[in-house]
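Report on the structure given below.
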Amino acid sequence: MQLSDVSNAGKSNTDMVRNLVMNTLTGNAEQNYRTKVEGKVLLLEAQLTIPKRIHKHHQLIGRGEMTRKDFFALPDQKNITYEKAMPGHAMWLEYVSHLWSALPGESNSAQARASLLVSVDMHGCLITVSNARNASLVGVSGIVLQDSVRTFTIVTKTNAIKVLPKDGATFTTNAHSIVIVWHGNGLIAERLTRAKANQLAHHNKHHRGGPRNKIPKIKKKGSYVATVSIDR
């Protein structure tokens with residue numbers, strides 16, 4: 001295409017726009033065109049938006065990544081099903097494997113594994129009630145949708161939503177041929193201690209120069225929260 005062709009094409013388009021606008025404007029069309037339209041850019045069609053290329057990184061998912069994705073936010077209970085929760089359970093298994101993979105070979109014992117479960121994120125964990133104050137709850141199994149201080153909210157295989165009290169209860173989980181027993185009272189105590197520590201840390205941060213509160217230490221041993229049995 002010659003330069004003159006480009007110039008003529010541009011002039012033709014300009015004339016077309018001018019004629020279109022002149023036929024649309026009311027009043028003194030010529031004056032309105034010169035003051036409001038001439039020399040300005042007009043968008044006559046929706047511009048094409050080119051999406052940025054998305055790069056997916058295949059890597060082990062840690063607790064921070066799970067939280068960032070908000071994958072385990074409690075959905076509408078009317079629509080959630082066990083099948084829809086299954087991908088969350090797969091992520092939880094990968095998450096726990098990632099935690100345990102950090103252990104050196106000689107320290108990869110049941111006790112060492114249990115110690116890493118003290119503050120584990122339970123969302124997506126498949127639990128079964130093995131002991132409870134309410135005997136009718138024993139044997140109930142499902143995927144954790146919500147983990148509060150004193151209760152678990154789960155979805156069962158029959159798509160029922162149930163709230164399980166932690167107080168006085170124990171729960172079991174199978175993770176890659178490893179049986180985890182969760183102690184409800186220990187889970188409650190750990191959550192309360194951690195919440196108190198966070199509260200005091202926040203207080204000390206915003207009251208510098210004043211009296212500082214002693215932050216309670218989080219227990220490192222995991223036996224009061226969970227015990228682990230490794231199936232060899």
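Listed values, structure above:
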quantity: Residue that is surrounded by the fewest Cβ atoms within 10 Å (Cβ to Cβ) [pool: residues in segment 133-170 that are closer than 23 Å to S229 by Cβ and in contact with a Gly (Cβ under 7 Å, 6 or more places away or on another chain)]; calculated: G168
quantity: The listed residue being without any contact (Cβ under 8 Å) to a residue 12 or more places away in the chain, in the same structural domain as S177 (by TED's automatic domain parsing) and either closer than 17 Å to I180 by Cα or surrounded by 13 or more Cβ atoms within 10 Å (Cβ to Cβ) (or both), out of A85, A112; calculated: A112
quantity: Given (1) in a strand (DSSP E or B); (2) within 24 Å of the chain's Cα centre (by Cα), index of the condition V181 fails; calculated: (2)
quantity: Any hit, segment 208-231, residues being assigned to a helix (DSSP H, G or I) and at pLDDT below 95; calculated: no
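The values are calculated or read from the model by the stated rules, or taken from the named source; none is laboratory data. These numbers come from a predicted model, not from an experiment. So basically every Cβ, Gly included, is an ideal-geometry build from the backbone, and we count neighbours across all protein chains shown.
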